[in-house]
Every structure is written in C-alpha cells, then in structure tokens.
Amino acid sequence: MAKEWTLLVLCGILGSGLSAKPSWFKNISADLFKSPGDILVGGLFPINELTSDLSKRVKPDDLECNRISTYGLSLTLAMKFSLDEINSKENLLPGITLGFESYDTCMQPAVVMRPVLQLLTKESTEELDVTCNYTDYKPRVIAIIGPSNSELVPVIGKLIGFFLIPLISYGATSDMFSDKETFPSFMRTVPSDRWQVVAIVQLLKQFGWNWVSVVGSDDEYGQKGQQQFSSMANEESICVAYQGLIPVYSDPVQAVNEILNRIVDAKVGVVVVFSLSNPARNFFIEVIKRNMTGVWVASTAWALNELVSTLPGINSIGTVLAFADITRPLDLFTPYIRELFTKMEGTQIPQQPDTEISPLDNPCTRCSYLSQANVSMVEIKLVQRSVFSVYTAVYCVAHALHDLLGCNATHCALNPKTDNVYPWQLLRSLQKVSVDLEGVNFKFDKEGNPSFGYDVMQWNFNDTTVLFDVIGYFYQNLTINENNITWHTKNGKYFFILWKSRTTTNCLPSISSFVWNNVKIYPLNAFFPTVALSVILTISLQIVCITEFPEKSSDQLENIRGRGSLFVILGCCGVQAGLCGWYAQEAPSLTKYVASLEVTYVKTFLRCPVEPMLNFGLMLGFNVMLALVSFMATFMALKPPGQYNLARDITISSLSYCVMWVMFIPIYTSLNDKDKSIAQVGISLLSNIGLVAAYFFPKCQLLVKHPELNTDDHFRTFLEGVPPTPPEES
C-alpha cells in the first residue's frame, strides 16, 4: 500500500511539473505588435492580405489590406514569443530588455515602404534625418526581422543596406540576395534557392528522371528559381521539355491552361513547380479539373501550404515530393499563444467601428478579439515548421548583441542606455555569431546564408487530409529512404520519364543533322536561281544591244550570243558561288548553334539558322539584282509586228521575281520564328515557280490556242539578227 501511495505522489509531482507554465508567462503583454525596450528590433510580416485592385490605384494610399492572414499573424507572434523568452533569460542580456515593433507588409512592395521608412527614423523620433555622415546615425531599431518573401527584398534591401542595418529574412530565398555588394546587410535563416535547385536536381537524378517540365510563378522567386533550375539541369543532362510562368497579378486561368496543354504535348510525367503559394493554388485547381496525374516536385514556398494541400480533389493529382526548410519544434510556442490569448480575452476593449487607426499604430485592429478559439491557427503544420526560422533570426540578434555589448552571465560591459550601439556594429557581430538552438548549430556563411538545408517530404493522402511525411534530408548532398515513399500511381510504383534513352547526354539528339543540312541548303537555294536568272540576263542584254544599237549589233551579234553570253553566265554564277561560300564559312558551327538554341520540346518546328544575316541577304539580293537588270533591259523594248514578243516574257517574269522578294522583307520582319521559316520556304518556291511560269506559260498558251503560229517565221526574232520592224503608221 505504501508503494502505491509513493507512486501516486511521484506521478502527481511529475505531472504537475510537466504541466506547469514557465514563470515568465505571467509577464506576457497583451500588445501584439509593439513592446518597449532598451533596444528595439523591427519586424516585417504579412499580417494582412491585399483586398483592393492594384490596377485601379491612383493615389499612393489607394491600397486596402483588410483580410487577416493567420499565417503571417502567427509569424508575428513567433517574434513576440522569441523576444519574451529572451528577456526572461537573465544570463543572455543581463540588465537589458529587448523591445520590438512589428508592421504589416501585405506582401506588397507599395505597402512595405511605409513601415520601412518608419523603422529608419531617428531613435525616439518620427523624423528621418538627411545628413552627410550616417556612421553615427542611430535609427529606431537595431535590426529588422523580415520580410517573408523574395518579392519585397529588392524594394527595401538596398535602402536598408545603405544604413547597414541587419535585415534578417525568415522566408526570402532568392539567390540574388547573396550578392553582398548589392545587398550588404541582408541575411537569412532559410537556405538560398541555389541549394534548393541543387537538391531538386539530385532528386531527379536519383530516380532517373531526365525528361521534365518546370513551372514557376511570374515573380522574382519563380523566375530566378526556374532559370537556375534549367541551367543546372542542362549541366546534369536533364532535359527541360517545357518552361512556363503562372501569372501573379492577372487572371491566370488562360495561361495555366496553355501551360498544361504544353505539358501534355511534351508527354512529361514529372513537373517541378517553383512557385509561391497563391499561383500554385491557381495552377493545381486547373490540374484537378483536368484529372491530370504525375509526379510534382514542390518548392519550399508552397510545399506545406494549406492553400494548396486543402484543395478539393488534391488527392487525385498523383505523387507530390516536397522540400521544406529544416526545422525544430518549439514546445513552448503553442502554450505561450494559449496564455496570451487567454490574457487578451480578459482585457478586450471594444473598438469603435468608425475610429480610423493608422496601420503603423495598429496593423490589425480586429486582432483585439482573438481568443482561445483562435489558438488552432498556430497549430497547423506550416506554421509549426515556419516559426523556427523567425525564432532563429531573433535569437541570432540576441546572441550577436551579447557579443557586441561584452556580456557575461551577470552584466554587460556596454549599456545601450548610456553607450552608443549602432546597427553596422551589430552586422559585424552577426556575421561571426554561432548559436545552438533546439539541438541545431546555426551560423551564417560569408554570403549571409544559413548552415543547414532541407527536409525532403512526401504528401500522403488520407481521405480529405494530407499528411506530410519526411522521407529524407538535404544538406549539400541528398539522402532519401526510397522504401518510405508511397507512389500514388495506378500500380503503386514509380516510373521513369526518359528522353530517348537513359544513357543520353544530349538533349538535342534529333536536330543536329537537320540544322547542319539546312546550313548547306540555303546556299543551294540561292545558287540555282542564279543560273536561270543569268541565262535570262544574257537574253535581256542581247535585246538591249539590238534595240538600242541596231547598226553596230549586227557585226557583234555572234560574239554577244556566244562567248559574251557564256562569260555573263559564268561571271554571275562565280559571284554567287563566292557569296554562298562566304555565307557557309561565316555561319555558326553546329556546336555553337545547338549550344545557343533555346528549345521548348513541345514545338514540332525548329527554325533554321540564318546567320550571319548580312551574308544571307547578299546571296538573295544578288538574284534580285539580276532580275531587276533584266526587267530594266526589256520593259521598254518594242514588240516585233507579226512575231513573238520575247521581251514581254522576260519583263513579266523578272518583275514577278523582284516584287515577291521585295514584299518578303517587311513580311519576314513581322513574323515569329516558326512563321519566318515557313515564309522563307514559301517565297523561295513561289518566286522560282513565278519566274519559270511567267517565262514559259505565254509560249505554251500560244502553241495550244494557235498551233498554226508554231512556225519559223513567227518565232524568228531580232535575236537571230533580224531587227524589229517598226510599228505601221495608221
């Protein structure tokens, strides 16, 4: 009996110990977005979502963000939680309190500038000083946590970088921000997209997928990610069959349907989707409507987002393999939020509906009504994984301040109340900081990127819910347990999506000979008309000599018809042969042309090279010149009475040839690549057919309709030495 009581007492003690709240919970402030302190930290979070039409914006303030983003609000609360926890640790910054000011970005460049300017104002004022020296300038905050996405960093990163205020993002992953010359103060607690691209390429190689498509959102994140993936995939002999961009600021339905048509045409079964969550949602709505299935590789921006994973019918799309930032659970975060909302519930002050409050003073007026019923918003998977990035960013600032202020467990050598501490000094400390958080060692490299990578996850569908199961991880190299993967295909097995064969190292195996043959065909297409036109030219010159110089031509007629014609023909063919040889010599080599070729494999038509354009134009222009000279030599020639008019045939045929190629120039410049090649082939055929038809058709018509004229006398023309008979006077 004594043993049983002992066990009950121990269980009670352990239970009470496990359920006890940390003592610092009782000091939680109900103010969600601002808290005073000896040193302030700024925060930029997507607390609200855009509810107005940007295309109708006329004034700077014509923006409305009136829909709360529970995800963005949860990240804001994660910063508050982190700072409250840091302030409770007496040995981290003894005697110093960290305060904060959090602002809404609405995920819009036009909105984020206002809070940034507020954060840059001089300490304890509302003024932004203009001075010649900002070394001793003390802005309102020592560091800024945020923003949440890559789209906003180019807008504010350079401005904040000018002041060298640390800008530590928990979600901006574009690799362009690794450039320290452009973004000198930017750092992040999530890996760069460059590593994400490496991870995706290694995943494709592990399963032997080398025939894929990549779709991105039409913004900074999607465009850069798509470009990097295509480049690296090409280096690893992975063929990108199609690339498409999902519109972000316009109706995406038509564009998405075009993308899906191209994917189907390319017969692609693996699609990499490098997109933000909203465009990804729009994309998969259309995928579900079409009942398309395949393997979808998800980038971190939408991999765990409920906007996509909760779509009706999402379990029909096939297998989703996703990359998510490595994270650790924060055991106290949910209890903290529960305690915070309980305190807010007891101190709610009704807001006057007609009271106008500046977003800089309170970015979320309706948040005062938060209660215990809203705790579930921080319990979703995406929030639980994302808050660690915010938590890490805040702790890095605290540990860097610990080093900068010369702190030990009991006091700090510098006191921010009396000593000047500048953001640029903190930036140098952050570059050297090393923090152990929840069993993970964190530090920044020289580009401001973190020292860890990704979890590889799979979406497993359980009726109407999606489970995110970890199947591997990536840090510089990929490790996956393939036995843990459930392939959502008809036979439950994964499949190979290959280009021709698994051993190929070239994405362009079928076009090489095609391209090279056309480099040869173009000169031939130009040379053969030269032969015909040079013959016509010799006849035209004979007509000029006999009609313009009848007295002298009789003596020289034999030379003009014999050796003279031969020299003209050989000379014209020789010049054209030289031009054709020059074109072939200067044309790009097959290797260079193929290397520079941008191929979307859904196209069945590849344009032939017409480079260099000058040489190509000279080849065609020479033939037009021959036709033009023939026309000028014959269009004024008199018709021999009672005899066949050969000059008329030459005039019409040479004129038709000239007109077609002159018309070709403006038409050609206005067409796309595919239509340019079709137009070029078409005009070549029409001009040659027109030349021959205009020259021979009148003769054939005459012989069919008037066979009695098929006599030596009728066809005996001045070319045989009989000068034309002048027209009879009436």
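Any read-out appearing in this document is the output of simple, stated calculations on the displayed coordinates, not a laboratory observation. Because the structure is a prediction, the values reported are computed rather than measured. Note that we place each Cβ from the backbone using ideal geometry, even for glycine, and neighbour counts take in every protein chain shown.
Assign one of three labels to segment 63-171, namely rounded, prolate or oblate, based on the Cα gyration tensor with a ≥ b ≥ c the square roots of its eigenvalues; rounded applies when a/c is under 1.5, prolate when it is not and a/b is larger than b/c, and oblate otherwise.
It is oblate, given that a/c is not under 1.5 and a/b is not larger than b/c.
Please list 417-424, 203-210, 326-333 highest first by mean number of surrounding beta-carbon atoms within 10 Å per residue.
Ranking the peptides 417-424, 203-210, 326-333 by packing returns 203-210, 326-333, 417-424.
Evaluate E = 1/(1 + (r/R0)^6) for VAL264 and TRP487, where r is the Cβ-Cβ distance and R0 equals 25 Å; express this FRET efficiency to the nearest 0.05.
Efficiency computed from Cβ-Cβ geometry: 0.75.
Given labels modelled 7 Å from the Cα in the Cβ direction, how far is it in nm from ASP712 to LEU307?
Label-label distance for ASP712 and LEU307, simple model: 9.2 nm.
If I model a spin label at ASP179 and GLU126 as a point 7 Å from the Cα along the Cα→Cβ vector, what separation in nanometres do I get?
Placing both labels 7 Å along Cα→Cβ, they lie 3.8 nm apart.
Evaluate the distance, in nm, between pseudo-label points positioned 7 Å from the Cα of PHE696 and of ASN291 along their respective Cα→Cβ axes.
Result: 5.8 nm between the two label points.
Say R0 is 22 Å: what FRET efficiency, to the nearest 0.05, do LEU332 and ALA373 get from their beta-carbon distance? Provide the component values of the computation, followed by the final result.
Values: r = 21 Å, r/R0 = 0.94.
It comes to 0.60.
Please give the Cα centre distance for segment 407-450 versus segment 231-280, rounded to the nearest Å.
Each part's Cα centre sits 42 Å from the other's.
Taking 45 Å as R0, compute the FRET efficiency from the Cβ-Cβ separation of LYS381 and ASN133 and round it to 0.05.
Calculated value: 0.40.
Which of rounded, prolate or oblate describes segment 180-310 when judged by the alpha-carbon gyration tensor and an a/c cut-off of 1.5?
oblate
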